[in-house]
Amino acid sequence: MTIKVGDKITNEPLTIPSKEKGAVPLNLEEFSKGKKIVIFAVPAAFSPTCSQTHLPGYIENHDKLKERGIDEIICVSVNDNFVMNAWAADQKSGDKVILAADGSAKFTKAVGMDADLEVFGLGVRSKRYSMLIEDSIVKSINVESKPGQAEDSGAEKMLEIIG
């Protein structure tokens, strides 16, 4: 079942980097309490649209999103923590965007955004989408309508939604 506006975000954990422990679980239901966060998901780290448009758009618009009340920006991908850490270094995301691994696609499946990309040799991945979450409640969901693009789920669209 696909998550919808008004639903509470799942408590299925993601994995994020930790300087002390290497990696730690991130429960978005808990993490987003009392916060306004943007989550966006990509089908694959290092892929062209993800690396050239989607993630860079959020990095570049970090300050504008913060000025409009966003506490955190999180990028989710069905990749392992090692890949996400390497991608964060490659993209120089620093502390602007948290890159979260969903290695077994449990979070992605829990929100109903899984996509079977076996035909491309990728297996189960995530649809490209963004969400605005306030105090653990989904306020906006934006699923990309055109493959290979990051318009409906990109940072510019999120800025329009936030106003």
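The values are calculated or read from the model by the stated rules, or taken from the named source; none is laboratory data. Since the model is a prediction, treat every value here as computed from it, not as a measurement. Accessible surface areas use protein heavy atoms only, side chains included; no ligands, DNA or RNA. Shrake-Rupley method; radii C 1.70, N 1.55, O 1.52, S 1.80 Å.
A few remarks follow.
- Solvent-accessible surface of protein heavy atoms, probed at 1.4 angstrom with all chains present, puts HIS62, HIS54 in the order HIS62, HIS54, largest first.
- Calculated on C-alpha atoms, the gyration radius of the chain divided by its Kirkwood radius gives an Rg/Rh of 0.92.
- Of the beta bridges in the chain, as assigned by DSSP with both residues counted there, near 70 percent are antiparallel.
- Theoretical ellipticity at 222 nm over the chain - DSSP helices of four or more residues, -39500 (n - 2.57) apiece, nearest 500: -6000 deg cm²/dmol
- Residue pairs exceeding 18 angstrom between C-alpha atoms, taken from LYS96/LYS127; LYS66/LYS106; LYS8/LYS106; LYS33/LYS106: LYS96/LYS127; LYS66/LYS106; LYS33/LYS106.
- Percent carbon-and-sulfur accessible area, the stretch 1-47, ignoring ligands, DNA and RNA, probe 1.4 Å: 54 percent
- Average Cα contact separation per residue, the chain, under 8 Å, 6 or more apart, as relative contact order %: 31 percent
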